[in-house]
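Only the coordinates and a few stated rules stand behind these numbers; no lab work does. Please read these numbers as outputs of a predicted model, since none were measured by experiment. Don't worry about glycine lacking a Cβ; one is built from the backbone with ideal geometry, like all the others, and counts go over all protein chains shown.
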Amino acid sequence: MTDVKQEKKPDSFGFVDVLRVLGGVIFLNAFLSWWFTSSSTWGYDGKWINTSYLAHRITNNFVNLTLEELSLFNGTDSRLPIYVAVNGSVYDVSASRGIYGPKGSYRMLSGKDAARVYVTGCFRNPAEYTYDLRGLDEEEASHDVKEWQIFYEHHPKYWLVGHVQHEVIQGEPPEPCEHVKFPGYHAPRSH
Ligand code: HEM
């Protein structure tokens, strides 16, 4: 008779167990959230659960577009994100397709750098959809441009994706127009 000694394996808590517990916690959290709020993220739908934003954060990849390339991102091709630009800075606003998409009230801002119209609010004049800020009050223009850039960059659903190369401005600036501001305006962030 042979005496086979069996070694007892020590109980260990391995990597797979860690994954199991994590999976369980995530599932329980999603279930409770769905139960109480009908959403698996406790009602949160900001950029931190947006895969495009997370991919951008991980790769830290910023675009550098020409005006022609930027125009492709105007919402008409539903496979592409929607971009708006304010004085060179380009933002992803795809989360608000209802506002910036082909049927949105601000669709005219998509796929271009219309910094001027962000200052003047003269939406009816096609010539205003330009980054040409000549002829505007310098203080008003730089204040409004900055505020809109802050609005887009710090928005819970939008983010800065890169820059657009401006072409040299030629010809005369648009005719002066009567500026329209949001009722109760003091800064664009108050929108
Ligand atoms: C300089 C003038 C103005 C500029 C540049 C401007 C620009 C904008 C932009 C970019 C948005 C979208 C914000 C977002 O992404 O959430 C917005 C939203 C909105 N703006 Fe203006 N705006 C101006 C003046 C006005 C005025 C005068 C009114 C009304 C009398 C107005 C009414 C609205 C409304 C109702 C929304 C919400 C749109 C929606 O949810 O579909 N805006 N504005």
Expressed as an acute angle from 0 to 90° and rounded to the nearest 10, what is the orientation of the C-alpha long axis of helix 15-37 relative to the principal long axis of the chain? 50 degrees
May I ask for the distance between the Cα centers of the stretch 55-70 and the stretch 80-113, given as a whole number of Å? 15 Å
For the chain, percent of DSSP beta bridges that are antiparallel (nearest 5) comes out at 65 percent
Lysine pairs in the chain with Cα distance under 25 Å, only those 8 or more apart or on different chains: how many are there? 13
Once amide H atoms are placed 1.01 Å from N in the peptide plane, what residues at a sequence separation of 5 or more from V161, or on another chain, have their amide H within under 5 Å of its amide H? V90, Y91, D92
Hand me the trypsin sites (Lys or Arg not before Pro) from the stretch 61-119 located in a DSSP loop with no more than 12 other Cβ atoms within 10 Å, in residue order please. R79, K103
Please find, in a Gaussian network model of the chain (springs between Cα atoms separated by less than 10 Å), the residue of G75, G101, G23 whose mean-square fluctuation is greatest. G23
Counting just the Cα atoms, what span does the chain cover along each of its three principal axes? Round to the nearest Å and put the largest first. 106, 38, 31
Within a Cβ distance under 11 Å of Y53, other residues only, what is the Lys/Arg minus Asp/Glu net charge? +2
